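The values are calculated or read from the model by the stated rules, or taken from the named source; none is laboratory data. Bear in mind that the values here come from a model prediction, so they are computed numbers and not experimental data. Reconstructed Cβ throughout: ideal geometry from the backbone, glycine too, with neighbour counts over all protein chains shown. Heads up: the accessible areas ignore ligands, DNA and RNA and are worked out on the full protein's heavy atoms, side chains in. Shrake-Rupley method; radii C 1.70, N 1.55, O 1.52, S 1.80 Å.
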Number of protein chains: 2
Amino acid sequence: MKNSSVLFAFYNLLIRHYERWEVIEKGKLMEGAGRGGKTTAKRRPRERVLQRDPERTRAAILEAATQEFAENGMGGARVDAIAERAGTNKRMLYHYFGDKEQLYLHVLEEAYVGIRTAERALHIGDRSPEEGISDLALFTWRYFLKHPEFLSLLGTENLHRARWLRQSVRLKELHSHLLGELEQVLERGKKAGVFIDSADPLNVYLTIASLGYFYLSNQYTLSTIFGRELAQPENIDAWERQIVHVTLASIKA
Amino acid sequence: MKNSSVLFAFYNLLIRHYERWEVIEKGKLMEGAGRGGKTTAKRRPRERVLQRDPERTRAAILEAATQEFAENGMGGARVDAIAERAGTNKRMLYHYFGDKEQLYLHVLEEAYVGIRTAERALHIGDRSPEEGISDLALFTWRYFLKHPEFLSLLGTENLHRARWLRQSVRLKELHSHLLGELEQVLERGKKAGVFIDSADPLNVYLTIASLGYFYLSNQYTLSTIFGRELAQPENIDAWERQIVHVTLASIKA
DNA sequence: CCGGCCAGTAACTAAACAGTTACTTTGATG
DNA sequence: CATCAAAGTAACTGTTTAGTTACTGGCCGG
């Protein structure tokens with residue numbers, strides 16, 4: 001048995017490299033390969049039809065990457081898995097997005113654009129101050145509920161202390177609108193005497209987001225330790241009412 | 001230049017394996033290596049003194065693993081990095097904990113035991129109902145503030161839908177105490193007419209935990225998008241007051 | 001006082017990984 | 001209708017990774 005593992009490994013290496021050599025030689029014979037410097041073999045004819053639709057491929061990669069990053073985080077996501085989910089291959093992914101990190105940043109930016117765009121369409125200033133606040137709370141909760149991948153991406157990005165989001169140039173102005181509109185609603189409520197003077201737009205938004213985010217993003221450990229299934233529809237509905245109740249109670253005059 | 005890269009790779013492999021061979025032969029000559037089946041070389045005399053302190057080594061690995069998992073998540077954590085941080089090596093890690101997943105589960109269990117043990121020492125039932133609730137809120141917030149690694153581990157575990165926590169047998173009974181004591185405090189408050197009848201222990205705890213968890217775990221993205229530094233001491237203090245205010249406002253009669 | 005067992009070490013390995021190379025296919029344009 | 005750039009493919013590479021192997025050294029019970 002002496003040295004047998006080493007011998008075996010060596011043998012395997014020889015075999016592997018000889019096979020490769022053989023393929024190279026065959027390739028040269030078969031296709032002539034006149035251009036200098038080419039060392040690889042003739043490829044088998046491919047079966048899959050070429051898509052030739054750059055926009056669709058790009059979108060498919062982005063969608064697949066969103067799923068993969070949301071499910072596995074930045075460290076756990078696999079580039080091969082993204083390519084396969086998108087029905088394409090790695091080369092295209094690198095072609096359109098540069099590398100894994102830039103792809104991840106695109107996914108993150110897209111996710112933020114998604115929620116902020118939907119939020120703008122709310123126009124919380126159009127109703128009474130109380131309705132405006134409760135509509136914002138309901139919207140935020142229901143958006144989180146419908147987009148678990150968004151919560152997951154936020155979690156991943158925060159694990160890395162916003163390392164990639166910080167580099168984003170697109171997202172700075174996207175958020176000032178939200179706080180501005182919220183401030184106007186609070187001001188109107190204060191003048192009408194329904195909100196306390198200390199009500200602050202950032203605090204109100206953080207309260208709403210906290211209550212929604214924590215319940216959903218931590219539902220798995222919470223359900224486990226408290227032995228109650230938080231994903232059950234009746235519990236989901238009860239928490240929705242709790243969010244609106246808590247938010248309004250915290251600013252009511 | 002034809003085939004030069006292949007030739008070069010092949011050459012390197014030969015060199016590498018010849019060197020290894022040489023070492024093996026030398027090893028045999030130098031130490032006799034009488035015992036059959038041994039194929040590896042003589043090791044250099046080691047410089048580090050043997051610790052021979054199993055408890056200390058175990059604890060060091062657990063501490064190092066907590067840091068590494070908290071900073072990089074389950075997918076991003078590196079077993080080599082843990083061993084190095086602990087001042088030991090991988091073999092010991094596998095010796096004491098089996099594999100990466102079991103080590104992670106130990107870290108997670110330890111983290112939960114930590115917070116629940118500290119929580120018990122609070123005895124929130126000893127004061128007035130309002131004080132009990134605000135003390136629980138303050139304790140939870142300050143514990144989160146002091147133990148960012150706990151928040152991080154929760155986030156990682158939830159990304160994986162409590163895959164490992166679900167397997168834990170130690171943790172089921174650890175949490176019933178908390179809800180039981182909280183329920184008693186709420187009951188006393190209801191009888192005294194200071195809390196609303198609908199106040200529910202799980203909802204109250206989730207509210208407190210939500211407000212603390214979200215602010216801290218998401219501080220990096222929030223600071224980036226809103227352009228306000230949430231980690232600033234004055235902002236931290238303001239949020240502590242907000243948590244107590246919101247929690248009490250949501251249950252006050 | 002010695003032999004076996006447990007703490008500890010470091011080199012090793014197979015597999016997985018991000019990223020690259022070396023090509024082929026297709027359609028639009030001059 | 002030739003050509004050229006963009007779209008697409010798949011095999012390949014260097015490196016990293018979790019996990020293993022093959023050892024060494026010290027202590028304790030017989």
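Other protein chain C-beta atoms within 10 Å of residue C-beta, averaged over B:173-179: 2.
Computed 3J(HN,Hα) for the range B:160-171, one whole-Hz value per residue from the Karplus formula 6.51 cos²θ - 1.76 cosθ + 1.60 where θ = phi - 60°, is 9, 6, 6, 3, 8, 4, 4, 6, 6, 9, 5, 9, glycine and proline marked x.
If packing is taken as the average count of other Cβ atoms within 10 Å, what order do B:242-248, A:82-88, B:144-150, B:225-231 fall into, highest mean first?
On the way: B:242-248: 21.3, A:82-88: 19.1, B:144-150: 16.3, B:225-231: 14.6.
The packing order, highest mean first, is B:242-248, A:82-88, B:144-150, B:225-231.
Across the range B:224-233, computed HN-Hα scalar couplings (Karplus, 6.51 cos²θ - 1.76 cosθ + 1.60, θ = phi - 60°) run 5, 6, 9, x, 10, 7, 5, 7, 4, x Hz from first to last residue, x flagging Gly and Pro. With 30 Å as the limit on Cα-Cα distance, the pairs of A:LYS252/B:LYS190; A:LYS146/B:LYS146; A:LYS146/B:LYS191; A:LYS252/B:LYS146; A:LYS191/B:LYS191 that go past it are A:LYS146/B:LYS146; A:LYS146/B:LYS191; A:LYS252/B:LYS146; A:LYS191/B:LYS191. What the phi angles of the range A:239-246 give under the Karplus curve with 6.51, -1.76 and 1.60, with θ = phi - 60°, is a coupling list of 5, 4, 5, 4, 4, 4, 4, 4 Hz, glycine and proline written as x.
When Cβ neighbours within 10 Å are restricted to other protein chains, what is their mean count per residue of peptide A:238-248? The partial results should precede the final answer.
Numbers: counts 3, 5, 0, 2, 9, 2, 0, 7, 9, 3, 2.
Mean number of neighbouring Cβ atoms from other chains: 4.
Could you look at the range B:75-208 and say what percent of its accessible area is carbon and sulfur, using a 1.4 Å probe and all protein chains? For the range B:75-208, the apolar C and S fraction of the accessible surface comes to 50 percent. One chain, two ends: B:ASP237 and B:ARG116. Fully extended at 0.36 nm per residue, the span grows by 41.2 nm beyond their Cα-Cα distance.
Shielding of peptide A:120-133 by partners, expressed as the average count of other chain Cβ atoms within 10 Å per residue Cβ, is 0.
Roughly how many whole Å is it from the C-alpha centroid of the range A:186-214 to that of the range A:67-95? Between the Cα centre of the range A:186-214 and that of the range A:67-95, the gap is 40 Å. Amide hydrogen proximity for A:LYS252: with H placed 1.01 Å from N in the peptide plane, the residues at 5 or more positions away or on another chain lying under 5 Å are A:ILE196.
Among rounded, prolate and oblate, which fits the range A:107-251 when a ≥ b ≥ c are the square roots of the eigenvalues of its C-alpha gyration tensor, a/c under 1.5 means rounded, and a/b larger than b/c means prolate?
oblate
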